[in-house]
Structure formats: structure tokens, C-alpha cells
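What follows is a set of notes on a single structure, which appears directly below.
The values are calculated or read from the model by the stated rules, or taken from the named source; none is laboratory data. As the structure is a prediction and not an experimental result, all values here were calculated from the model. Note: ideal-geometry Cβ built from the backbone for every residue, glycine included; neighbour counts use all protein chains shown.
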Amino acid sequence: MRQKSVGSKDAADKLVKNIRRKTAPRYSAEDDPEGWETVNTTNKWESNTDAMLYELHVRDLTMDSTWNGSEENRGKYLGLIEEGTTYTGLTTLKNSV
């Protein structure tokens with residue numbers, strides 16, 4: 001059964017933001033994405049065990065011998081989002097949820 005995907009802010013977002021304020025004198029509120037302060041950071045799932053986290057290395061995923069995407073995007077971020085790849089890329093991750 002395919003489950004609904006929900007977004008979540010990275011747990012380190014606020015930390016990075018606060019560090020940036022202290023260490024980068026050129027920081028200003030204009031650096032924040034639109035709506036940053038109004039984003040609801042509470043979990044959108046009933047239990048933390050419902051969250052699925054997946055860490056990957058873009059180059060590893062798109063350089064694998066099973067990569068069947070375009071050679072132009074091999075080893076690049078564009079390869080990760082290329083549609084129709086099998087065994088690699090976001091298509092496989094979307095289908096595995």
C-alpha cells in the first residue's frame with residue numbers, strides 16, 4: 001500500500017540558521033526562504049516510527065553500473081531526478097515507499 005508522503009524540515013535547520021547568524025556577519029533575514037518563520041516544524045505523522053529517512057550519495061547512486069539514465073547526467077544531481085531510471089534515482093525511491 002502506497003503511503004502519503006509528508007515533508008519535514010531538517011532537524012538541523014534552526015541550528016544551522018543560528019550558527020550562521022553568529023559566524024556570518026553578512027547574514028540577514030532576506031536570506032531566509034519565503035515563509036521560513038511560519039513553517040510548522042511539528043511532525044505530520046502519528047509516531048516518529050512512521051517517518052522514513054533515506055541518506056544517499058548522489059554520485060554513488062548515479063555512477064552505479066546499473067544506471068540506465070543519460071550519460072550526460074551520470075554522476076550529477078540532474079541524474080538523481082532523471083525520470084524513468086531503474087534501480088537508481090528518485091523513481092525507485094518513490095516506488096519503494
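Would you call T49 part of a helix (DSSP H, G or I), among the polar types (S, T, N, Q), touching a Lys or Arg at 6+ places or on another chain (Cβ under 7 Å) and under 21 Å from L93 (Cα atoms)? Step through it out loud before you land on a result.
Working: part of a helix (DSSP H, G or I): yes; among the polar types (S, T, N, Q): yes; touching a Lys or Arg at 6+ places or on another chain (Cβ under 7 Å): no; under 21 Å from L93 (Cα atoms): yes.
Answer is no for this residue.
Does region 43-50 include one or more residues that are among the hydroxyl-bearing types (S, T, Y) and at pLDDT below 70?
From region 43-50, those among the hydroxyl-bearing types (S, T, Y) are 47, 49; that's our starting set.
Within this subset, residues satisfying the condition of being at pLDDT below 70 are none.
No, there is no match, as no residue in region 43-50 is among the hydroxyl-bearing types (S, T, Y) and at pLDDT below 70.
Which of the residues that make up region 71-97 are of a type in the set (G, A, S) and surrounded by 14 or more Cβ atoms within 10 Å (Cβ to Cβ)?
Filtering region 71-97 for residues of a type in the set (G, A, S) gives 75, 79, 84, 89, 96.
Residues satisfying the conditions are G75, G79, G89.
Cβ-Cβ under 6 Å, sequence separation 6+ or interchain: first residue in region 71-97 and at pLDDT below 85, partner among the acidic types (D, E) and part of a loop (DSSP other than H, G, I, E, B). Which pairs?
T88/D64; G89/E82
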